[in-house]
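The values are calculated or read from the model by the stated rules, or taken from the named source; none is laboratory data. Here the structure is a predicted model, which is why all the values come from computation and not from measurement. Note that we place each Cβ from the backbone using ideal geometry, even for glycine, and neighbour counts take in every protein chain shown.
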Amino acid sequence: MFAISFFDLTSFGQIADIKYKTFFNKNYELGDLILAPTINFACSGGEHVLQESYSSVKVIADFLLSHPTFKVEIGVYTDLRGGKEMNKKLSKIWSERLKEVLIKYGIKAERMISVGYGELTSSADDEIIKKAASDEKEKLCAKNRRIEIKLIEI
């Protein structure tokens with residue numbers, strides 16, 4: 001089975017100077033972005049969240065359960081590999097699958113919207129990735145793959 005990982009990017013610094021909040025901040029404002037922890041998706045056999053990632057999903061669910069008035073956008077970004085249309089389609093599917101798992105944790109569907117951004121707003125340029133040594137390529141691609149939770153109603 002092939003899996004795509006969406007990494008916790010704290011070790012890579014901020015993406016394009018975005019200031020992320022955490023799931024453990026005390027104060028939030030409309031539009032705040034929170035970078036989700038590592039979540040793995042299967043790419044074969046149904047594009048689903050892998051069981052090993054449920055503890056990461058639970059972090060998001062616990063946050064939403066402790067803030068019952070919050071509504072969020074689940075935004076999924078891919079790396080630059082693959083075609084733009086395919087990346088947009090896959091990111092939308094993965095966002096929907098994450099929403100489905102959050103529903104299993106008791107989060108109401110109407111509190112979440114799923115958005116697939118594909119490779120939009122990449123932080124590591126494709127030309128830089130192409131020139132990188134093979135061991136650096138995956139790190140650079142990982143900088144682009146991320147899941148952001150955006151507060152759209154508080």
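Please specify each residue of region 17-34 satisfying the condition of being surrounded by 10 or more Cβ atoms within 10 Å (Cβ to Cβ) and either at pLDDT below 90 or touching a helix residue (DSSP H, G or I) at 6+ places or on another chain (Cβ under 6 Å) (or both).
Correct list: Ile18, Phe23.
Can you pull out every residue in region 110-125 that is exposed (fewer than 14 other Cβ atoms within 10 Å of the Cβ) and modelled with pLDDT under 90?
Our first condition is that a residue be exposed (fewer than 14 other Cβ atoms within 10 Å of the Cβ); within region 110-125, this holds for 110, 125.
Correct list: Asp125 only.
Could you count how many residues in region 35-59 are surrounded by 14 or more Cβ atoms within 10 Å (Cβ to Cβ), closer than 19 Å to Ile107 by Cβ and among the polar types (S, T, N, Q)?
Selection size over region 35-59: 2.
From the list Ile107, Ile128, which residue is of a type in the set (Val, Ile, Thr), at pLDDT 90 or above and either exposed (fewer than 15 other Cβ atoms within 10 Å of the Cβ) or closer than 19 Å to Ile39 by Cα (or both)? It would help to see each step written out before you state the result.
Numbers: Ile128 fails: at pLDDT 90 or above.
Ile107 is the lone residue from the list that is of a type in the set (Val, Ile, Thr), at pLDDT 90 or above and either exposed (fewer than 15 other Cβ atoms within 10 Å of the Cβ) or closer than 19 Å to Ile39 by Cα (or both).
Scanning region 77-104 for residues that are closer than 15 Å to Leu35 by Cα and modelled with pLDDT of 95 or more, which turns out surrounded by the fewest Cβ atoms within 10 Å (Cβ to Cβ)? Talk me through it step by step, then tell me what you get.
Our first condition is that a residue be closer than 15 Å to Leu35 by Cα; within region 77-104, this holds for 77-78, 95, 98.
Okay, now just the ones that are also modelled with pLDDT of 95 or more, so 95, 98.
Numbers: Ser95: 22, Leu98: 26.
This residue is Ser95.
Suppose we filter Lys99, Lys92, Lys88 for residues that are touching a Ser or Thr at 6+ places or on another chain (Cβ under 6 Å) and part of a helix (DSSP H, G or I); which single one remains? So that I can check it myself, show each step before the final result.
Numbers: Lys92 fails: touching a Ser or Thr at 6+ places or on another chain (Cβ under 6 Å); Lys88 fails: touching a Ser or Thr at 6+ places or on another chain (Cβ under 6 Å).
Answer to the selection: Lys99.
Name the residue that is nearest to Arg97 (Cα to Cα), counting only residues in region 38-82 that are assigned to a loop (DSSP other than H, G, I, E, B) and among the hydrophobic types (A, V, I, L, M, F, W, C). Can you show your working first?
Initially, region 38-82 is screened for residues assigned to a loop (DSSP other than H, G, I, E, B), giving 38, 43-48, 50, 67-70, 78-82.
Retained after the next criterion (residues that are among the hydrophobic types (A, V, I, L, M, F, W, C)): 43, 50, 70, 80.
Details: Cys43: 12, Leu50: 10, Phe70: 20, Leu80: 21 Å.
Only one residue tops the list, namely Leu50.
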